[in-house]
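First comes the structure, then the notes that go with it.
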Amino acid sequence: MLFSDYHNHPQGHRDLPYTQEVLEPWAEYARKANLKDVALTDHGRYHPGINLDEFFKFRDSVKDVNFKIGIEIDNDPETSVIDYKWIEKNYDKLDFVLGSVHFIDDWAFDYAQYKDEFDKWDIDKLYTKYFDEIKKLINKGVIDGLAHLDLIKIFGHRPKNEIMSFVKDILKLIKEKNLTVEMSTAGWRKPVNELYPQDEIVKAIKKLNIPITTASDAHTAKDLGHSYDRLSEILKKYGFTQVAVFENHKMRLVSI
Ligand SMILES: [Zn+2]
Ligand SMILES: [Zn+2]
């Protein structure tokens, strides 16, 4: 039974200050989805709105769901330097730091309005560049786990070469650094209509015994635990028996 959702955005896509009113629906929908352990991981660039005192007040008021505070850090060319500084300053108060690549240079490739940019690339060169950025992100440290590992496929652009030729070394690095990889149902709500990451990568993760987190990447509370029945079947199919949860960056594996 899946019980944890480790990628969520109470702010949605904007710098919305945390208040009890903003956070309360997340407790309500976590209960509806039968979730017991939920990490809030708003985007690094909106950190001015992440009021930790408001979060702690909320966390202490919710008795039946374990809420954790995290952040999704990425390679935003404009804000990531100050985002990392904020994390450094607040690191001991955070439970979980999720790492993502959302940019190729200054191109926010996962935005539908900039989709045409894909046509300017040799797709294998783009995949190579994307996974180079993932490698840089990992080597910067700070993160506890990786979000949507193959996000570059979001609009259905597939490499000519076998996917594992791009990912193999990345998975080794993830294993070496003892990081988690997220199983994200968000891919099913995007044009690619596929779990992040795709089957071949999921299989390799299992083989390497890399710990996983489960996540919906909800930008609205009602998406908490989205498509978890479907995710549960996939995890069963590939033989996963545990998921990772975090408290103050300390990983614990729990049976599912
Ligand atoms: Zn993301
Ligand atoms: Zn996200």
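Structural remarks
- Residue that is surrounded by the fewest Cβ atoms within 10 Å (Cβ to Cβ), among those in the range 198-224 that are in a loop (DSSP other than H, G, I, E, B) and within 15 Å of ligand 2 (Cβ to nearest atom): Thr220
- A count restricted to the range 60-85 and to residues that are more than 16 Å from ligand 1 (Cβ to nearest atom), buried (at least 18 other Cβ atoms within 10 Å of the Cβ) and of a type outside the set (Val, Ile, Thr) stands at 3.
- Top-ranked residue of the range 1-34 - restricted to ones that are among the polar types (S, T, N, Q) and away from ligand 2 (no atom under 16 Å from the Cβ), ranked as surrounded by the fewest Cβ atoms within 10 Å (Cβ to Cβ): Gln20
- Some residue of the range 240-255 being of a type in the set (D, E, K, R), without any contact (Cβ under 8 Å) to a residue 40 or more places away in the chain and in contact with an Asp or Glu (Cβ under 6 Å, 6 or more places away or on another chain): no
- Taken over the range 225-256, the criterion of being outside any helix (DSSP H, G or I), of a type in the set (Phe, Trp, Tyr) and either under 19 Å from Asp199 (Cβ atoms) or more than 17 Å from the chain's Cα centre (by Cα) (or both) is satisfied by Tyr238, Phe240.
Only the coordinates and a few stated rules stand behind these numbers; no lab work does. Just so we're clear, the structure is a prediction, and the values are computed from it rather than from any experiment. Quick reminder, even Gly has a Cβ in these numbers, built from the backbone with ideal geometry, and neighbours come from all protein chains shown.
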